[in-house]
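Visitor: There's a structure below that I have some questions on.
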Amino acid sequence: MRDAFGNETGEPAEPPRAPSPARRTALGVVVVALIVAGAVAAVVVGLGGKDHPASQSAAAEAPTTEQPASAGLAPPPRPASLLRPRVLADALARISGRGRLRLLRVAPDRVDAQLVTPSGASRNVQVTAAGRLRDFGTAGSGAAGLPTIPYTRVDVRAPARMVRAAAARSGRPAHRVDYLVLLMLQDGQSWNLYFKPDALHFAGDLHGQHVVQR
């Protein structure tokens, strides 16, 4: 027989005792309760967002199943982060023909751009990490005189460079970065980075260098 630390005590081990009927009954109740709770949770999750009765009936009759990756089906690839230079460059190439760049917001999952059209209207467009382009249309006509940023002056390596610098200065992991914004200010272009969840703010130059906390 061994003690709590695994040392031999020399005493014979007691034979295992069979659980009493009352204990077996209690364990059975707990197991059944867990199974029922799991089934209810699965039904609630499966019906989430399906308000139509036909959708609820279909979900109840044909519960979804998840195919494990080990069965030979590889999971779908994750979209590449738009903080990567090549991916960001591709997104900007798709935006550039829709107007001059006024403001650029870059997050891992999407790029949002505020543009100025030749007629002086403002246009908002978005490119997602999955490659979807969304044009939200134009508004107004008073943006013609606003300063814009030439696409050729957007350093696509700046966001990744600034993420590394801000993470090192703040002691936070890079995946906590929420988004970056490229603005045209009176003293030139400036990248601004924000962490989540508290919007900790860092600013850098056009190339994502000389990073300082604001």
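We did not get these values from a lab; they are worked out from the coordinates using the rules stated. Predicted model, so just to flag it, every value in this text is computed and none were measured. Here the Cβ is made from the backbone with ideal geometry for all residues, glycine too, and neighbour counts use every protein chain on show.
Visitor: Fully extended, how many nm does the chain gain between ARG94 and GLN126 (0.36 nm per residue separation, minus their Cα-Cα distance)?
Guide: 10.5 nm
Visitor: List the trypsin sites (Lys or Arg not before Pro) within segment 77-136 that fall in a DSSP loop (any state other than H, G, I, E or B) and whose Cβ has at most 12 other Cβ atoms within 10 Å.
Guide: Qualifying residues, ordered by number: ARG132.
Visitor: I need the calculated FRET efficiency for the pair THR117 and ARG84, taking r as the beta carbon distance and R₀ as 30 Å, to the nearest 0.05.
Guide: The computed FRET efficiency comes out at 0.55.
Visitor: Quote the FRET efficiency, to the nearest 0.05, computed for LEU133 versus ARG105 with a Förster distance R0 of 22 Å and r equal to the Cβ-Cβ distance.
Guide: Efficiency computed from Cβ-Cβ geometry: 0.90.
Visitor: Could I ask something else about it? Extension gain ALA168-LEU183, at 0.36 nm per residue separation less the Cα-Cα distance, in nm?
Guide: Full extension of this stretch gives 3.1 nm more.
Visitor: Quick one: compute the contact order of segment 109-214, relative version, from alpha carbon pairs under 8 angstrom and 6+ residues apart, as a percent.
Guide: Averaging sequence separation for qualifying contacts and normalising by length gives 17 percent for segment 109-214.
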